[in-house]
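Okay, structure first, notes after.
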Amino acid sequence: MSKRSEQFVPEPERFEFSENPIHKFELARRDFFHLLGAGIAIFTSATHTFAGQETAPQSKSFHPEELPNDISAWLHISEDGTVTGFTGKAEIGQNIRTSLAQTIADELRVPFESVRMVTADTTLTPFDAGTFGSRSTPSMTPEFRRVASAARDLLVAEAAKKWNVAATGLVAADGKVSDPASHNSASYGELAQGKTLSQVLPADDPTTPPTQWTVAGKEIPKVGARAFVTGAHQYTPDLRLPGMLHGKVLRPPSFGATIVSYDDSAAKTKPGVTLVHDGDFIGAAAPTVHEAQKALDAVKVQWKEVPQISNRELFSYLKQNGGAAGSDKHPIKRGSLQEGYAGAAHRLDATYTVEYIAHAPLEPRAALAQWKDGKLAVWTGTQRPFANRDELAATFHVPESNVRVIVPDMGSAYGGKHTSDAALEAARLARAAGRPVKVVWTREEEFTWAYFRPAGVIEVKSAIDSDGKLTAWEFDNYHSGKSGIETPYVVANQRVEYHAVPLVLRSGSYRGLAATANHFARETHMDALARAAEIDPLAFRVKNLSDPRMRAVLEAAAKSFDWPRKKTTDGQGFGLAAGNEKGSYVATCVEVAVDGKGEVKVVRVAEAFECGAIVNPDGLRHQVVGAIIQGLGGALFEAIQFENGRIQNPHFASYRVPRFRDIPEIEAVLLDRKDVAPAGAGETPIMAIAPAIGNAIFDATGKRLSMLPLAPKGVET
Amino acid sequence: MANPLQLEVNGKRYTVNYPGDTPLLYVLRDELGLTGTKYGCGEGQCGACTVLLGGAPRRSCQIPVSAAAGRPITTIEGLEQNGKLHPVQQAFLDAGAFQCAYCTSGMIMSSVGLLKTNRNPSAADIVQGLQGNMCRCGTHPRIMEAVLNAAKLSREPQP
């Protein structure tokens, strides 16, 4: 395994929701076997795992809540040989239900089909801070390898005891332990029979290196896929309980509005309807959504609104209030900028802006809540089930052990489902109604009352020498965040700083966090510098790089794209961009066509991606292609319009996302580094598409666009 | 109380008591328990709620239940016959044409509708036919592949 911890700065981010509750492992061992039946169970302690990992992040920059203080993964082998892996991570479409099962099958030496995963259930699964930060693969893969390896050792030891032979000669393969000398053989299920053996991982067990993987690394189809094409899979909005009511919430007219007067005399008379007014919360539960809405419509409320800033003054506000929410405790300062600028052949300064965008997961926020004997169960699509549990417990003043949060496999999230809003609403209404209540947000609620990828202003000042080498680099990010803020290029003299600004709109994680904004500014700027130096953009980047992994993705993307290409038609343009973040590397080449009216069509994308050893190439291709397409929306046209605390475009008719007509020809080149531990892949592949498109638009039109979205109404010609 | 309405869904007859202007989507999901048809926007913009009404793909969130009464409705649950997937379902499964899969029902229903009127669609025809269906995970290229394969499957004589 290669060392890459020095490159790895996980989540130095303000916008990854990161409250820090105190956690306890509450499931006693005997309860565990009571739930699952007899067998063999292996538990791993996460703290220990992280200490043993070469990719261990430096503690100073790591969110402490991502290091659970007790058990972090476990595995159970039942008497019928069924293997169950337990993780607090959630399946949100990123395919961990399949890829983690592959890892377990691989290490335990069982057929893939005999492994099932239990995910994101606060009663059944180990504590987990949340499914974000591209951590599922890098954190859970080694842990499941270690539990599976320990389980295999335990099974071999059981067989050795049974046959009264030495364990060393025994072979574990295909769900069995066998003894080549005596031809004895026993299935894992037989060996687990009648046992309630549990073990917390002992010392480090060696695990199987990627070069010897047999089930991992393969294109195994998604688990449960048939239920997706038949409509049988149930997402949270699809769940029903006997006696269930539908809940609706009365939303204020603008952000931060408070209730001045409340009159529900007209609504209260309706039979079968429960109305709740609690602080600034007003909600209704009724047998149908329609009836709940009607009850709310009959409530008369006077609101007090507060004036707020709007799109048009956003960027000047961010710039003027830079640092007002805290200054950067770890700015990067290297060398002497004065020296860097002295004798520069070219200097280039520019300002870049990024608008707010929405996640718009197709499954809206939803929750189904049920109270029974003072205990609360909530089914909800969230990336942070344990944080949701804690918030529910705190809000309703019940012990955490009386709250269970269960996450059905989700209709995606992209970083947008960290909060417990819908869960709190459903639980509040269910408590009042004395019956289960389901709340499903409308699209308008989703666009308005969720949270956004933060907007930002980025200023770059730079210089290169006559040879085209960077000599000075200043980079100031106002508000959008720190992820991916550090340049991967070699510059002796630099200053890189983040300036926190008080929130304008509710903001949080979004696939890639600020790495998209920071890469957009940096890679657009690099392109402009290459033009100034009259050097090919690819050659210019390579000239300023020392990281071989970054060079490898750039070269792979360029090869697939056939860079540099000659223009053959009017309006054609080519651009590229690259970057690294969260232990993985991306390079993207783009061809655009800009027509006479200035409309931009992305014609072709070739993207190379490297995230260490590949666990499932099929799932990875999905992530990479999906990130390119999702990134195309934020690059070209997505922007939240807001005025005085109101979202002006809370509908798909006015908030444009990529559709079939927008989809380019896409080549995803996946570099498999068997010598590097697997990193996550959910985020980094989105980072380079926006600057690559912008650079291609420049190539096509000569117009340097410095804002995201680049061309919501086309390029002005 | 509203007058009872007669619905024919997936070959079965149902009598429902809903105000006639209730969107068909809510009746399918909340009354008949056919939750394979998804709510995505309620505005006819995302296609997640697509069903076949009289054989044509329609957004069930935009159809008042009274307008659907008396006409055959097919939902995603009605495609599979005797344990055998519809060729479009099979093609989606074979291509792995989903990530979170929340859009999948609507994509499949729109594709079934498209192939009913165009047995041999070009890539451009599919883009046109699915333009009203959104996928936020970015699975579009595989969905295109699946629909092209489904067209091929549908044209082959069935054993």
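In terms of Cα to Cα distance under 13 Å, which aspartates and glutamates are near enough to residue A:582, apart from those fewer than 8 places away along the same chain?
List returned: A:6, A:11, A:13, A:486, A:610, A:683.
Any aspartates and glutamates with Cα under 18 Å of the residue A:601 Cα? List them, leaving off those in the same chain fewer than 8 positions away.
Cross-link targets: A:570, A:591, A:638, A:662, A:665, A:667, A:699, A:716.
Taking the alpha-carbon centroid of each part, what is the distance from the stretch A:186-225 to the stretch A:515-563 in angstrom?
42 Å
Check each of the chymotrypsin sites (Phe, Trp or Tyr not before Pro) in the stretch A:458-567 and keep only those in coil by DSSP with at most 10 other C-beta atoms within 10 angstrom; list them in order.
Within the stretch A:458-567, no chymotrypsin sites (Phe, Trp or Tyr not before Pro) qualify (loop, at most 10 other Cβ atoms within 10 Å).
Rounded to the nearest 20 Debye, what is the dipole magnitude of the stretch B:5-77 about its Cα centre when Lys and Arg each give +1 and Asp and Glu each give -1 at the C-beta? Display every interim value, and only then the final one.
Values: 7 positive and 6 negative charges, 36 e Å.
Charge dipole of the stretch B:5-77: 180 debye, to the nearest 20.
Would you calculate, for chain A, the mean residue ellipticity at 222 nm contributed by helices, counting each DSSP H stretch of 4 or more residues as -39,500 (n - 2.57) and dividing by all residues, to the nearest 500? If you can, show how the numbers build up before the last one.
Values: 17 runs with 190 residues, N = 717.
Mean residue ellipticity, 222 nm, calculated: -8000 deg cm²/dmol.
Kindly provide log₁₀ I(q)/I(0) values, in the same order as q = 0.13, 0.14, 0.27 Å⁻¹, from the Debye equation applied to equal alpha-carbon scatterers of the stretch A:644-717.
-0.65, -0.73, -1.35
Take the alpha carbon atoms of the stretch A:611-689, find their center, do the same for the stretch A:309-352, and report the distance between the two centers in whole angstrom.
27 Å
By Kyte-Doolittle mean hydropathy of at least 0.5 and Cα axial length of at least 24 Å, which whole DSSP H helices of chain A are selected?
Sorted by number, the helices that extend far enough and score high enough are A:617-636.
Could I get the Rg over Rh figure for the stretch A:405-444? Both from C-alpha atoms, Rh via Kirkwood, rounded to two places.
Checking Rg against Rh, the ratio lands at 1.00.
Cα extents of the stretch B:87-155 along the three principal axes, largest first, in whole Å?
29, 23, 17
Listing A:647, A:464 from the residue with the fewest other Cβ atoms within 10 Å to the one with the most, what is the order?
The order, fewest Cβ neighbours first, is A:647, A:464.
My understanding is that a pair violates if its Cα-Cα distance is over 27 Å; which of A:222/A:372; A:218/A:559; A:461/A:482; A:333/A:482 do that in this structure? Before the final figure, lay out the partial values.
Details: A:222/A:372 35 Å; A:218/A:559 25 Å; A:461/A:482 18 Å; A:333/A:482 15 Å.
Long pairs (Cα-Cα over 27 Å): A:222/A:372.
Relative contact order of the stretch A:459-588: what whole-number percent is it, with Cα pairs under 8 angstrom and at least 6 residues apart?
Worked out over the stretch A:459-588, it gives 23 percent.
Among the GluC sites (Glu not before Pro) in the stretch A:617-717, which ones are in a DSSP loop with at most 10 other Cβ atoms within 10 Å of the Cβ? Mind listing them? Don't jump to the answer; show the numbers that get you there.
Working: sites: A:638, A:643, A:665, A:667, A:683, A:716; in loops: A:638, A:683, A:716.
Sites meeting the loop and neighbour criteria: A:716.
Please report Rg (one decimal) and Dmax (integer) in Å for the Cα set of the stretch A:513-632.
14.7, 45
I want to verify the translational diffusion coefficient of the stretch A:155-235 in µm²/s; compute it with Stokes-Einstein, Rh as the Kirkwood radius over Cα pairs, at 4 °C and 1.567 mPa s. Numbers along the way, then the final one.
Working: Rh = 16.1 Å.
After rounding, the answer is 81 µm²/s.
Using a Debye calculation, one point per C-alpha and no hydration shell, please list log10 I(q)/I(0) for the protein assembly as shown at q = 0.04, 0.06, 0.07, 0.09 Å⁻¹ in order.
Reported log10 I(q)/I(0), two decimals: -0.18, -0.41, -0.57, -0.96.
Which whole-number percent gives the relative contact order of chain A, counting Cα pairs below 8 Å spaced six or more residues apart?
Rounded, it is 15 percent for chain A.
Calculate I(q)/I(0) for the stretch A:562-647 by the Debye formula, one identical point scatterer on each C-alpha and no solvent, and give its log10 at q = 0.12, 0.27 Å⁻¹ to two decimals.
Taken in order of the listed q values, log10 I(q)/I(0) reads -0.52, -1.39.
Tell me the volume per residue, in Å³, of the convex hull enclosing the alpha carbons of the stretch A:260-381. Walk me through the numbers on the way to the answer.
On the way: hull volume 32.1 nm³, N = 122.
Considering the Cα atoms of the stretch A:260-381, their hull volume per residue is 263 Å³.
For the stretch A:81-199, report the convex hull volume of the alpha-carbon atoms normalised per residue, in Å³, without decimals.
Values: hull volume 11.9 nm³, N = 119.
Each residue corresponds to 100 Å³ of Cα convex hull volume.
Remind me, what semi-axes does chain B give for its equivalent ellipsoid, largest first in whole Å, using sqrt of 5 times each Cα gyration tensor eigenvalue?
27, 17, 13
Calculate how large, on average over all directions, the projected area of the Cα convex hull of the stretch A:372-513 is; give the answer in nm² to one decimal.
Working: hull surface 47.8 nm².
That works out to 12.0 nm².
Taking the stretch A:445-559 as the region of interest, what is the percent of Cα-Cα pairs per 10 angstrom bin, listed from the shortest bin to the one with the maximum distance?
13, 39, 30, 14, 4, 0
Any number yet on Rg/Rh for the stretch A:312-398, C-alpha, Kirkwood?
1.24
Across the stretch A:475-534, what fraction of all alpha-carbon pairs, as a whole percent, falls in each successive 5 Å bin from zero upward?
Reading the bins upward from 0: 4, 16, 24, 25, 15, 9, 5, 2, 0.
So which trypsin sites (Lys or Arg not before Pro) in the stretch A:624-717 end up in coil per DSSP with only 12 or fewer other C-beta atoms within 10 Å?
The qualifying sites are A:713.
Take residue A:398 and residue A:672, extend 7 Å from each Cα along the Cα→Cβ direction, and tell me the distance between the two endpoints in nm.
Inter-label distance under the simple model: 4.9 nm.
Is there a pair in A:438/B:116; A:294/B:38; A:176/B:84 whose C-alpha atoms are over 27 Å apart, and which pairs would that be?
A:438/B:116; A:176/B:84
Whole number please: convex hull volume per residue of the Cα set in the stretch B:5-77, in Å³?
Convex hull volume per residue, Cα atoms: 72 Å³.
Label-point separation (nm) for residue A:569 and residue A:181, each offset 7 Å from Cα along Cα-to-Cβ?
Each label point is offset 7 Å from its Cα along the Cβ direction, giving 7.4 nm.
With just the Cα atoms of the stretch B:18-58, tell me how far they stretch along each of the three principal axes, in Å, largest first.
In descending order, the Cα extents are 23, 23, 20 Å.
Working out 0.36 nm times the residue gap between residue A:312 and residue A:555, then minus their Cα-Cα distance, what length gain in nm do you get to one decimal?
Working: separation 243, 0.36 × 243 = 87.48 nm, distance 4.08 nm.
Full extension from residue A:312 to residue A:555 adds 83.4 nm.
Here, each number is a calculation from the coordinates, and none is a lab measurement. As the structure is a computational prediction, the values presented were derived from the model and not from experiment. Cβ: placed from backbone, ideal geometry, glycine included. Neighbour counts: every protein chain shown.
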